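Below is one structure; the comments refer to it alone.
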Amino acid sequence: MPATLPTRSAPIDPEPVRLPITDTLDLHTVPPRDARAITEEFLYQARLHGLRAIRIIHGRGIGVQREMVRSVLASTPFVESFSDAPLEAGGWGATIATLRLK
């Protein structure tokens, strides 16, 4: 007899989750499959909200998230520069970036 999967009792909410935009994005709670899209949207929203300096916390790990974040930053036209965060702001577990506002 084939196994059956339990059905969901509640439908998946189609509405996006709205988060306040600050100068920091912490990717620790973001599923890896969504990290690129969320990082791209964060950059767009940060610029829209007039933020010039931002920090993206990707963690230390083996560097997969770090490289993804830096790839997105390098391909975003309004990113002026980026580098490791200072030690007190996460060191190599976070990246800081400067955005060109207009």
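Only the coordinates and a few stated rules stand behind these numbers; no lab work does. Predicted model, so just to flag it, every value in this text is computed and none were measured. As a convention, Cβ positions derive from the backbone with ideal geometry for all residues, glycine included, and neighbour counts pool all protein chains shown.
Modelled this way, with points 7 Å down the Cα-to-C-beta line, the labels at V64 and E41 are 2.1 nm from one another.
With K and R counted +1 and D and E -1, the other residues having a Cβ less than 12 Å from that of S71 yield a net charge of +1.
Beta bridges assigned by DSSP with both partners in the range 24-99 are antiparallel in approximately 75 percent of cases.
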